[in-house]
1. Sort largest first and round to whole Å: the equivalent ellipsoid semi-axes of region A:3-255, each the square root of five times a Cα gyration tensor eigenvalue.
2. For region B:289-400, what relative contact order do you get, as a whole percent, if you take Cα pairs closer than 8 Å and at least 6 residues apart?
3. How high is the relative contact order of chain B, given as a whole-number percent (alpha carbon pairs under 8 Å, six or more residues apart)?
4. For a footprinting-style exposure proxy, rank B:VAL600, B:VAL637 by other Cβ within 10 Å, fewest first.
5. Helix B:605-617 versus the longest principal axis of chain B: what is the Cα-based angle in degrees, 0 to 90, to the nearest 10?
6. Once every Cα of region A:168-316 carries one equal point scatterer and solvent is ignored, give the base-10 log of I(q)/I(0) from the Debye formula at q = 0.17 Å⁻¹, two decimals.
7. Return the distance in nm (one decimal) between the two label points of a simple spin-label model at B:ALA587 and B:ASN28, each offset 7 Å from Cα along Cα→Cβ.
8. Per-residue Cβ counts within 10 Å, from other chains only, averaged over A:191-198: what number is that?
Amino acid sequence: MDAAAEMGCGLRIVLLGSFCATVLQATTWYITVAGLGGEPEYETRFTSLAMELDKAVRSTPDVKVTTLTGSSATKARIEAVIDEAVKGSKADDVLVVTLIGHGTFDGTNYKFNIPGPDLSAAELAGKLEFVPSRRQVVINTTSASGASIEPLRRDYRTVITATRAGTEKNATVFGRFLVEAFRDPSADSDKNESVSALEAYVYADQKTTAFYETQKRLATEHPLLEDTGKGGGVRAPGPDNGQGLLARQLPLLRFGSLQQAARSPEKQKLLAQREGIEGQIDKLKYEKAATPADEYRKRLGALLLQLARVQEEIDK
Amino acid sequence: MKFVVLGMFVVAAWGQDCRNLHRHGKLNEAKACFAKLTQSGNALQMAEGYWYQNNSDQANNFFRAAVKAQPKNPEPRVRWGRFYLERNKREDAAALFEEALEVQKDYAPALIGMALVMAGGFDPKSVEFAEKALQQDPKAYEAHEVLARFAMEDGNPTEAAVQADKALAISPEALDALIIRATIDWMEGKPGTEWTDRLHKVNPAYAEGYTVSARIFVINRRYEEGIKLYRKALEMNPQYLPARSELGVNLMRLGEEDEAKPMLEAAYEAGFRDAATVNTLKLMDTYKNFVTLRTGKIILRLEKKEADLLRPYFQAELERAVAVFEKKYELVLDRPVQLEVYPNHEDFAVRTMGLPGLGALGVTFGNVVAMDSPSGRKPGSFHWASTLWHELSHVYALAATKHRVPRWFTEGLAVHEETAVDPEWGDRLDPGAIRALKDKKLLPIATLDKGFTRPSYPNQVIVSYFQAGKICDYINEKWGWQTLLAMLRDFGTGASTPVVVERHLKMKPEAFDVEFMAWLGKATESQVKGFDEWSKRLRALNAEVKAKDFDKIIAEAEGLRKIYPDYVEPGSPYELLADAYLEKKNAAGAMASLNEYAKVGGRRPSTLKQLAKLLDEAGKPGEAARALERINFIYPVQDEEMHRLQGDLWLRAGNTDKAIREFQAATFSKPIDAATSYYNLARAYRAAGQLDLARENLLFALEAAPSFRPAQKLLLELSK
């Protein structure tokens, strides 16, 4: 495994120069679709989740947001919106497609239930092929969504599903917590002012697990994440299964102050310095097991203090 | 045809001969005899032979074949049923006895079998079956023995002696009758040799009898004496596997796992695989997933996954309870109290198997207490701290009386202690108790034990807890704690409830019942009288909530709250009132209603959180923290946010110790945002002046999130 990839954006800076600074100026394309509810309660729930997500992302900078609900969430409209991203997005841009609603699996094909003809996972995958952005996330929060992993997975795409298989057919709660990750600051667990696809997934997964445990109900959904383009998805992405590396680097939501700093020439130097220290910290953490505890603590303390001082300068 | 019948008779006689050898303690001869039976070619006798050899599979096969070969004969079914009964498979046994009764209506041995099945489940129908058996066969002394055992388990040694004597009148070799006579003496502290001498003359190796006696001691919570009897049974006949298994189970109950495990394994390996043996072994296998904390007077066993989170709360309450009870009961235990906390309710349930009328939340075996973890229950349905104090009270009551305390009194004390430690804890007057009061279903004090061990209606055990608790409240209020303590000590001498009541309360039990009922009636009068109307109006009010007429809701809920103030279950007037007040922008009204809810004992975490939020918004962080602190005793698990908010409130209220405790709990709650958890802990340590710990936790926070601005700022401050 590539060590740089293992350690994410921070260490990549050390090796790849100003990659992250460029990324900070990229645009994020959000396509959110609330499908058919089937009954009023679900209809309302799906629409309100989609609108909640819409509201959360619109308040962040450099975004293009399209949210389709109710009768407008047709296959033709979804394809048209993707076409806009095909025309307008760049390779460094991030594309986030979120499906909220019910899904079905007939043993062969997964379909997202929408007004008019349903949208199959294969059809969605086919359309997304043409989007220039090579940093894509598909979040499928529907029932039976586990069956969409195989058609959707690519080595440049993170696929998140609410269920582990097409056979998990009950309505899900995962979507509710996934949307919550967009507005709960605690989802940003590394406090880098952005919520990555991995952070959002971990947040929603833990909340979903806690929901079933607290309710003392048998879990009817088991979320998965796939970002290698060749796996079946895993519940707990990490170094042991090789999943989660891409998802960690894909920001779903950025809070803004770093973008502003990146635009200021005088702060560019400090940002680069900051990124350098972050890289050293990541490297040290990577070597933690092989470093004597006292030495690790001492070096980590020194680097963290250094980083805090640089950040203080950036914030001035 | 005659030959076949004669043949069957001869073979049956062989079986009876072998059983007689065993019955007279000639174990080697019996063994040889039963071994011969396995070669007899007769299915029923072969089954008996294999049963004796503990070869369950073969015994089952041949019993099945015997039943098939003799479809019109009830005997093979009855013997097969007895085989199952010995292995504690009561349902299978009952099915066979019922089949036998279909083959031959009122067949006495099948009726006795049914009586034994029912007795195993502490079901009063046992008496009906035994009496019916006697109608069919007045010489069926075993039926009298069953009645004697039932009476013993029912706490009625007088009736037990009568029944045992009837059995002995029919057969001087009625071994169970002799052992029951001896048990009556032993329970009263007498040697019982009159009976054991007779018993040993007939059968010097009657392990079955000593096992029966041991069970009676265990049912009466006299575990250590029960264990001695199981040991005696095994000395007499080491091959008697039920005694080996039950000894293992009871050793485990008392925390003697090192001896219990090999005992159970030996029973299992020898083919004795009843549910108690298998489940106890499985439970013991899970102990590797637990951690054990030992301090001076306590041993605390928690599951690894939740040990860090729960330890501070459980340890503090356990130590506090021990300190309080040592003074209150004027008793220092001779060994540490062991508390086991099970997140899986099924594991806890294994602990209570085979015991009558035990509450489903906790159970006490001598100095060992087992209870559910809060994580094993729905939020708001279980006050673990109240349960802990309840169970620990049993430890002291049992120790003070050498386990002779009657069930009603130890439960009454335990319920009394729940609210004595904190008026908000303990259960409220629930609708079941109100119905029992209305229908005059409370029992006389002299027979209150039956409400626990032989309930006659579905809710009676719960109602009996309530009644026993109220009796202790009443005695405490009128005569004082020292009288309760004196009664407890007197129970330790073996004195009966009527004697103890008369001696210490200076009145007959019947007179006490009259006084107590008058006192209780007065205390609950308005709630009992108004209950029916209250039920109707609350249902109507809950239906009207959708109409959003908040003035009407407020007026009605205020009224309902006054009629039945103890009702704090979901949909209570307190919550409806608070919601309506909030709709009317009356935060003070909502706060007052929820405060009342909490004080009465409302346990729903979401409602208590709502109260905390209102108090915080009203600028009362200390009171808000106290509102949340209540949840620590109810559902401190799977709620990192609650601990975080509580820690923050304590910090703002200037209580750094509690802030540290709560922020620590947040870090142990597997937070999604670990960095913030450690940062909060660092803030609390800093406020407490513990700067080294503050720096250490800041390091943890920044290790997880190096760019975490607030943590960076605090680091810079601490580095100056």
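Bear in mind these aren't lab numbers, they're just calculated from the coordinates by the rules spelled out. Source: prediction; values computed, not measured. With ideal geometry, Cβ positions are generated from the backbone for all residues, glycine too; neighbour counts draw on all protein chains shown.
1. Working from the Cα gyration tensor, I get semi-axes of 26, 21, 18 Å.
2. Taking the mean separation of contacting Cα pairs over the length of region B:289-400, I get 26 percent.
3. Reported as a whole number, the value is 7 percent.
4. Going from least to most buried by this count: B:VAL600, B:VAL637.
5. The helix B:605-617 is inclined about 20 degrees to chain B.
6. For region A:168-316, the Cα-only Debye profile gives -1.10.
7. 8.9
8. Values: counts 15, 4, 3, 0, 0, 0, 0, 0.
That works out to 3 on average.
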